[in-house]
Ligand code: SDX
C-alpha cells in the first residue's frame, strides 16, 4: 500500500539538477553555483542564458557568438503568424501564447529531434522567439506592428522597444535585463517540473515548453504578478486602503497574491532586488503610489500573517513603471523562464528516466458489477 502523499509534493525531492539551487531557510538562490546576489545587476540575461543552457558564464567571444545566434533566431515563422489572427480574438495573452509557442514547432527544423545538439539549437531559438512572440501578439491585438528589433539592444532592450514602441532609456533596459535574470530559473517550480515530466517521456522540447506555459499561467504560479497589480488597482484609497484590504482578505481566508512561497521560509532573495528596483523607478517616474502601496502591504501582511513577498510581488510595480501592460506580466515571466525551461529539458534528455510517481488510492473497493439494466 502506497504511503500518503505529501500534499502538493511539498518537500519531495523530485529530480536532480545542476541548474539551480534554493536554500529556503537562508533565502538564497544559485544558478549553477553562482549566487543570484552576484548575478543580479552585474550579468546580462544573455550571459545568464549561456550559463543555464550551455553550462558556463561565457567569455566575451562566447557571448558574442550567442548574441549573434539569438539575433539570427528572432523570427517566429509562418505557422505562428498564421495562427495569430485567431488567437488574438479571445482569451488571455497566456492562452494565446501557449498556442503560439506550440505553433513554433511547425517551422522548427529540429522539432522532432531531441538529440543534444538539436536541443541546444531549439533552446536558443525559443529564447530568442519568446519575446518576439509576445511583442508580435501585442502589436496584432492592438492593430499595429511591433517595431523591428535593433542590433545594439539585447533581448531586454528590444522587448521594451517592441512593447512600448519607444526606445528604452539605457537604465530602463538595464533594469528589465536584471528582471529577466532574476526570473530565469528556480529549481523544481511547477512549470519547470511540468516541462521535465513531459521531456521524461522522450517527448520533444516544444511539447514540454507548451505544457510549461500552461502551468505558468496559474495565479498560484506565474499568474501572480498580474494578480498583484490588479489587487493594488482594486484597493480604494491607495496606501490608506491597504491595511483594511489585507485584513479583510485574510479574515476571509483569502490569498494575497505575491506573498508566501512553498520553499522560502524567509525573504525571497529576488524580492530584495525587485523592491530596490521598484523604489528606484518610483523615484525616477515620480509615480510613487504603487511602490508605497507595495511597501505598506508588505508591512501589514508580515505583521498579520508573517508572510514574505515572493518574486511576483514587487515585479508587478516594476513592470508597471516600465510601461508593460498588466496582462503581459505573466508573458514577461515566460520570456525569462524560457531559458530555465529549455535548460531543464536539455538536462532531462541527457540523463533520462520516465517520471512516473506512485499514488495513494482513496476510492471505493470491492464494488460488485451489475448490468446497466439493474443499476
Ligand atoms: C512563483 O515554486 C516556485 O519556485 C515558484 C516561483 C518561481 O520562480 O518559479 O517562485 C514563482 O510562482 C511564486 C509564487 C506566486 N504565487 C503567489 O504569490 C500566490 C499566493 N501564494 C500562495 O498561494 C502560496 O503561498 C503558494 C502557492 C505560493 C505556496 O503555497 P503552499 O506552499 O501550498 O502554502 P499553503 O497554501 O499551504 O499555505 C500555508 C499557510 C496557510 O495558512 P493556514 O491555512 O495553515 O493557516 O500559509 C497561508 C495559507 O493560508 N498562506 C497564505 C498565502 N500563502 C500562504 N495566506 C494568504 N495569502 C497567501 N499568499
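Bear in mind these aren't lab numbers, they're just calculated from the coordinates by the rules spelled out. This structure is a prediction, so every number in the text was calculated from the model and none was measured. Ideal geometry is used to build each Cβ from the backbone, glycine not excepted, and the neighbour counts take in all protein chains shown.
Key figures for this structure:
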| read-out | value |
| --- | --- |
| Length-normalised contact order of the chain in % [C-alpha pairs under 8 Å, at least 6 apart] | 24 percent |
| Selected from 343, 190, 61 as most flexible by GNM, with the chain as the system and alpha-carbon contacts under 10 Å | 61 |
| Backbone N under 18 Å from the residue 21 label point (7 Å along Cα→Cβ), restricted to region 149-187 | 185-187 |
| Residue 116 paired with residue 82, simple spin-label distance in nm, labels 7 Å along Cα-to-beta-carbon | 3.6 nm |
| Value of D in µm² per second that Stokes-Einstein yields for region 136-237, Kirkwood Rh from Cα pairs, at 25 °C (0.890 mPa s) | 152 µm²/s |
| Cα pair distances in region 224-321, grouped into 5 Å bins until the bin that holds the longest one, percent each | 2, 15, 26, 27, 19, 7, 2, 0 |
| Burial ordering of 193, 176, fewest other beta-carbon atoms within 10 Å first | 193, 176 |
| Size-normalised alpha-carbon gyration radius of region 1-157, reference 2.2 N^0.38 Å | 1.25 |
| Inter-label distance for residue 236 and residue 355, nm, one decimal - labels placed 7 Å from Cα along Cα-to-Cβ | 4.5 nm |
| Whole-number percent relative contact order across region 224-321, with pairs defined as alpha carbons under 8 Å at least 6 apart | 43 percent |
| Mean separation of Cα contacts under 8 Å (6+ apart) over length of region 1-85, as relative contact order % | 14 percent |
| Per-residue Cβ neighbour rank within 10 angstrom, fewest leading, 277, 88, 324, 355 | 355, 88, 324, 277 |
| Sequence of 275, 167, 42 once ranked by neighbouring C-beta atoms within 10 Å, starting from the fewest | 42, 167, 275 |
| Theoretical ellipticity at 222 nm over the chain - DSSP helices of four or more residues, -39500 (n - 2.57) apiece, nearest 500 | -17500 deg cm²/dmol |
| In Å, descending, principal axis extents of the Cα set of the chain | 72, 55, 44 |
